[in-house]
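Each reported figure results from applying straightforward, stated rules to the coordinates on display, with no laboratory input. Computed from a predicted model, the values in this text were never measured in an experiment. Cβ: placed from backbone, ideal geometry, glycine included. Neighbour counts: every protein chain shown.
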Amino acid sequence: MPYIGNEVGNRFVASKAASVYSGDGSTTAFTLEHSVGSDEDILVSVDGVIQEPSVAYAVSSGTTLTFTAAPSTNSGNNIFVYYLFRTVATVDHPSTSALSATSGTFSTDLTVDTDTLKVDSTNDLVGINTATPSDMYYNELVVNSGDEGGITILDSSSGQSALAFGDGTSGDARYRGRILYDHSTDSLSIGTAGEQYWTMNSAHIITAPKQPAFQATLNGHQSNIAVGSAVTVLFATEIFDQNADYDTSTYTFTAPVAGRYQFNVQIMLATLDSANAYYQTQLITSNRTHYHTFDPDYGQDNSYDNVTIATLTDMDANDTAIVKILQASGTQQTDLDNISAFSGYLVA
């Protein structure tokens, strides 16, 4: 039966093994007759002297041979180029076929399906569902989630997953800030300075162990307070002090950060003097003083009376708060009972 297809070739043609050129003492660039991939793919001889690749010459664009110094003028051909390896053709992977490889290196940008994945090699940026991560302010990794989109970190039911902010490669510098989810307890924590400070548990209860909060009481009765001048209330016994902001030696709270602070003062007075013009409790902060004043003229000396101050006040970092009480006049006989208390905490 007749042959179907292209006619079978009846001979082979061998490519040239060498090219020859003549130097003129000024020309440095020559065109090769075959394309090669590197300087080492050819053996070059000038005036019978073998030339060193990438030193005496270089190949660019596959076919341009450029000498560092112009070959000398000589009668006849004095430049010989022997082809050790040559680029015969290039191969493109079929766009409809899968590519399987153990590794890969891309020298320029990588684009998958227009914007499914964009790797901007020039600016070292990565975009997911966006072809222009450079449009964003924080743009090393940009995810365009779309409606009900997002990022999921998977873990086991007993594991911990985190988003960390590091400023070093060892110790807690690797996670100076972090958001951590503990799957074993279903709790979410936020931490700074390498520690966890804010936690919401599975019952949606939030705790912040370092949030400034304190309570202090008297160490015992503060007896016979002075008359005519404000007296510091000696709240010397701490019930708690979460961030170590209260000083029992000076009876003073110092704000660690600027914010709004809630303070509560409760003082039990004993053996009041009805002849006194007034008693005045003072919560003294760096920005302002809060007062509670009353006249004890009950017609007799009362055994007990209770005064309170509850106020929300502004404080700057390192501002202080202290409690004083003034008996304006009368007899020095009034005591402060040991159930008196001073407390406060940072609200916002």
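So the values come out like this:
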{"item": "For the stretch 48-191, with +1 on Lys and Arg beta carbons and -1 on Asp and Glu, the positive-most of Gly48, Gly150, Ala58 along the dipole", "result": "Gly48"}
{"item": "Ala193 versus Lys324: modelled label distance in nm, points set 7 Å from Cα along the beta carbon direction", "result": "3.2 nm"}
{"item": "[x] 188; [y] 314; [z] 175, with the label sought being that of the calculated volume of the Cα convex hull per residue in Å³", "result": "[y]"}
{"item": "The stretch 260-325: chymotrypsin sites (Phe, Trp or Tyr not before Pro) falling in loop per DSSP and having at most 12 other Cβ within 10 Å", "result": "Tyr298"}
{"item": "Cα gyration tensor shape of the stretch 126-205, rounded if a/c is under 1.5, else prolate or oblate by comparing a/b with b/c", "result": "oblate"}
{"item": "Exposure proxy order (Cβ contacts within 10 Å, fewest to most) of Tyr137, Tyr246, Tyr83", "result": "Tyr137, Tyr83, Tyr246"}
{"item": "Cα gyration tensor shape for the stretch 248-292, rounded if a/c is under 1.5, else prolate or oblate", "result": "prolate"}
{"item": "Cα gyration tensor shape for the stretch 128-171, rounded if a/c is under 1.5, else prolate or oblate", "result": "oblate"}
{"item": "Span per principal axis, largest first, for the Cα atoms of the stretch 18-83 (Å)", "result": "30, 20, 18"}
{"item": "Dipole in debye (nearest 20) - the chain, about Cα centre, beta carbon charges: Lys, Arg +1; Asp, Glu -1", "result": "540 debye"}
{"item": "For the chain: relative contact order, % (alpha-carbon pairs under 8 angstrom, 6 or more apart)", "result": "12 percent"}
{"item": "Check: the stretch 160-207 dipole with +1 on Lys, Arg Cβ and -1 on Asp, Glu Cβ, in debye", "result": "100 debye"}
{"item": "Dipole of the stretch 213-346, positive end: most advanced residue of Gln300, Ile322, His221 [Cβ charges, Cα centre]", "result": "Ile322"}
{"item": "Relative contact order %, the stretch 213-346, counting alpha carbon pairs below 8 Å whose residues are six or more apart", "result": "41 percent"}
{"item": "Computed FRET value (nearest 0.05) for Thr102 with Ser60, which takes r as the C-beta separation and R₀ as 41 Å", "result": "0.85"}
{"item": "Antiparallel DSSP beta bridges within the chain, percent to nearest 5", "result": "95 percent"}
{"item": "Relative contact order (%) - the stretch 18-83, alpha-carbon pairs under 8 angstrom, separation at least six", "result": "52 percent"}
{"item": "Within the stretch 246-342: Cβ-based charge dipole about Cα centre, in debye rounded to nearest 20 (Lys, Arg +1; Asp, Glu -1)", "result": "300 debye"}
{"item": "Simple spin-label estimate for Leu312 and Asp167 in nanometres, 7 Å along Cα-Cβ", "result": "3.3 nm"}
